[in-house]
Amino acid sequence: HFLNQHEVYFDIAENMRAYDYGAQSGSGNPWGGLGSSANPAQSVFNANKQTLRPERTWNYVVGYRFNSHFFSGSADFYHTDYYNRLAAITSGSTGNTYSAFMNVGRETMNGADVAGTIRPLPGLAITNSFSWNDATYQDSHLPYNGAYISIKGKQQVYYPKFMYKANVTYTWKRATFNFNTTYTSARYMTYTNDEKIPAYWTSNLNATYDFGKIGFVQNFQTSFGVTNLFNQVYIGGVY
């Protein structure tokens, strides 16, 4: 901490993500059939268990924060090194495909976040935030048509490179009004980065009123909200 309202911070962490029990025990997936040799997935598991390892990361972040009555702001930069990065792929011949996980080795991720909130009037808060992320595979190959293709330098699938968020909240006595909008940039849907999911905006409007205590009811509150306020068409969940 310095000059009362300023703060600089940093963090270093190592993490490991264990295998998910549901994915291991379910059927119809590459981890299925752990206890049954009759399950076709058992052979897939036996072949993969020699190369698959739990994902592990080293994470580094450095940032700055400022806070006052009228303005709060922050900025940070982070770097992540992935080891044993697991990629979900479709394998097998055209007439006999199955889902599989593959160890694609290392992945590096660099990113930055900037956010600011101004409070020009009592009860009014306006927040804007911007995020950038660059995640690329390193020295990785995937099977394709009996051969292997390199995805070195390709962007991580399903992950937006840019995001922007705006949030306006106004509180007057017991009523609260909120408008928020989010921009999500295009996302690659193939490991070779030749197909994209289009970028999109989505906005929401909410209003809440707190009646407090009414008879025997404590903290009675009503709310009204409109999701996807401008009726945008977009692709949400991707698998």
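The values are calculated or read from the model by the stated rules, or taken from the named source; none is laboratory data. No experiment lies behind these values; they were computed from the predicted model shown. Note that we place each Cβ from the backbone using ideal geometry, even for glycine, and neighbour counts take in every protein chain shown. Note: accessible area is taken over every heavy atom of the protein model, side chains too, but ligands, DNA and RNA are not part of it. Shrake-Rupley method; radii C 1.70, N 1.55, O 1.52, S 1.80 Å.
A 1.4 Å probe run over segment 69-111, with the rest of the protein chains in place, finds 52 Å² accessible per residue.
Using only the alpha-carbon atoms of segment 169-239 as identical scatterers, what base-10 log of I(q)/I(0) does the Debye formula give at q = 0.16, 0.17, 0.22 Å⁻¹? Those come out to -0.70, -0.74, -0.95, one per q. TYR200 contributes about 40 Å² of solvent-accessible surface, heavy atoms of the protein only, 1.4 Å probe.
Surface exposure of segment 189-239, expressed per residue as accessible area with a 1.4 Å probe, stands at 77 Å².
Going Cα to Cα from LYS173, which lysines come in below 21 Å? Please leave out same-chain ones fewer than 8 positions away. Filter leaves LYS213. Here LYS49 and ALA186 are evaluated by their C-beta separation; at R0 = 41 Å the FRET efficiency comes out at 0.70. Taking every DSSP helix (H) stretch of at least 4 residues in the chain, weighting each as -39,500 (n - 2.57) and dividing the sum by the residue count yields a mean residue ellipticity at 222 nm of -1500 deg cm²/dmol. Counting protein heavy atoms only, the chain has 57 percent of its accessible area on carbon and sulfur, 1.4 angstrom probe.
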